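Bear in mind that the values in this text are calculations on the coordinates, not laboratory data. Note that this is a predicted model, so its numbers are computed, not measured. Counting neighbours? That spans all protein chains shown, and the Cβs are built from the backbone with ideal geometry, glycine included.
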Amino acid sequence: MHKHHSALGLAVAPFDSAAGIAIASQPVQPVTLVRPHAAARAARYFVEKFPGRSMYAVKANPSPDLLRILWDSGITHYDVASIGEVRLVAHTLPQATLCFMHPVKAEEAIAEAYHEHGVRVFSLDSMEELAKIMRATGNAADLTLCVRLRVSSEHSKLSLASKFGVAPGEARELLFAARQAADALGICFHVGSQAMTPEAYANAMERVRQAIVEAAVTVDVVDVGGGFPSRYPGMEPPPLERYFETIHRAFESLPVSYSAELWAEPGRALCAEYSSLIVRVERRRGSELYINDGAYGALFDAAHIGWRFPVALLREPESDARDMPFSFYGPTCDDLDHMAGPFLLPADVQAGDYIEIGMLGAYGAAMRTGFNGFGVAETVAVGDEPMTSLYADTVAPARSVPASVVKL
Ligand SMILES: *Cc1c(COP(=O)(O)O)cnc(C)c1O
């Protein structure tokens, strides 16, 4: 693909849109498109409107470019879950505050995070983990310990309810012990990813209240976790502001210390709109399209949990055929490399056509493997709008892309 370079040495797409790139350069391999303005807009929305502190859950997309965009847009705290993520964020954003929010950690990881990277916030859901944290930090007196409560995932598309968390009725002993050991005591939870209604948070906050009352401890931090939704075909969530209002109201009525802080850990909602993918149709068999990315690429969720992503045919002139439902096969030799969709595309789509698959910034690029020798040719920054957005009309557009982004 032809690129020119700006005075800053940044590679700039010659055509500033998905269609422009597909039509002008006819890429043989998939191309990842990134939209720095969309990530910056989502970050500013959370920074301005969430009634507490928003920290980014790095696992949703650990791209250093994205981390710098979020930092430039006001996200100062990062939820990390492994020592690899701790090192990555510490290296990329040396001034960021890291919170180690995986409730089951290696003792060596805790020690390195505390002693070498200045991490002071840890989550836990067992007495064993508390003992580990105290050993690894040499009984540090400056810890914020967040006890992870188990809450329902019933309103979410992806459950996080069975693996981690202490049941609210059984949290008393752990909350009490963590209170003794901690400088600040927090309670955290995760309602599951892509929570389709604010009720999910209201219900979870009720469990928090129960746990606080039963343990009779002073709580300094309430962390409502991730789960904030994005927009996908067939999944149209209410406006995020409704979630924020519900959470704010619930927080205000909790029996916590007067100076208690409210935190959230959005992953998906901060980065889903950041990235999309241009793929090429290599073959058509009826309503099945063989495309050049799939389950082992950025489309893990489309294949394995039937997630639907928005799609658009990139053709000039535009097709005027009516839409019909298609399924996709990815490029590897594996039957599992299949995405049922349905994906709605013009009925005359054919081999050689290019398709944009949208909303892949969260849990898309992050899941890519090199299986079977397939991969992505390159990443290009574009300035057009994401295929769909929760934020487009809510925050003024960025005047310019943050200077730190886009090294190709
Ligand atoms: C995955 C995860 C998040 C982010 O969840 P989203 O649904 O992407 O917002 C936040 N906190 C924890 C502890 C997680 O495991």
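Computed quantities for the displayed model
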{"read-out": "Net charge dipole size for the chain [Lys, Arg +1 and Asp, Glu -1 on Cβ; Debye, nearest 20]", "value": "240 debye"}
{"read-out": "Residue exposure sequence - VAL221, VAL80 - by fewest surrounding Cβ within 10 Å", "value": "VAL221, VAL80"}
{"read-out": "Value of [θ]222 nm, deg cm²/dmol, for the chain, DSSP H segments ≥ 4, -39500 (n - 2.57) each, nearest 500", "value": "-8000 deg cm²/dmol"}
{"read-out": "Calculated from backbone phi, Karplus (6.51, -1.76, 1.60) coupling profile of the stretch 47-52 in Hz, x at Gly/Pro", "value": "4, 7, 10, 5, x, x"}
{"read-out": "Environment charge at GLY192 (Cβ cut-off 12 Å; Lys +1, Arg +1, Asp -1, Glu -1)", "value": "+3"}
{"read-out": "Computed lengthening from GLU206 to SER327, 0.36 nm per intervening residue step minus Cα-Cα distance", "value": "39.4 nm"}
{"read-out": "Whole-Hz couplings from phi, Karplus 6.51/-1.76/1.60, listed for the stretch 222-229; x for Gly and Pro", "value": "10, 10, 7, x, x, x, 4, x"}
{"read-out": "The stretch 13-59-the stretch 73-151 distance, computed between alpha-carbon centres (Å)", "value": "28 Å"}
{"read-out": "Karplus (6.51, -1.76, 1.60) ³J(HN,Hα), θ = phi - 60°, over the stretch 18-33, in Hz, Gly and Pro reported as x", "value": "4, 5, x, 5, 4, 6, 6, 10, 6, x, 7, 9, x, 10, 7, 9"}
{"read-out": "Rg/Rg_ref, the chain, where Rg_ref = 2.2 N^0.38 Å and atoms are Cα", "value": "1.03"}
{"read-out": "In Å, descending, principal axis extents of the Cα set of the stretch 175-330", "value": "64, 28, 22"}
{"read-out": "5 angstrom amide H check on LEU289, placed H, neighbours 5+ away", "value": "SER327, PHE328, TYR329"}
{"read-out": "Percent antiparallel among DSSP beta bridges (both partners in the chain, rounded to 5)", "value": "45 percent"}
{"read-out": "Globularity index of the stretch 129-226, i.e. its alpha-carbon radius of gyration over 2.2 N^0.38 Å", "value": "1.09"}
{"read-out": "Where trypsin sites (Lys or Arg not before Pro) fall in DSSP loop in the stretch 300-383, at most 11 other Cβ within 10 Å", "value": "ARG322"}
{"read-out": "Selection from MET196, ALA181, SER25 lying farthest towards where the dipole of the chain points positive, charges on Cβ", "value": "ALA181"}
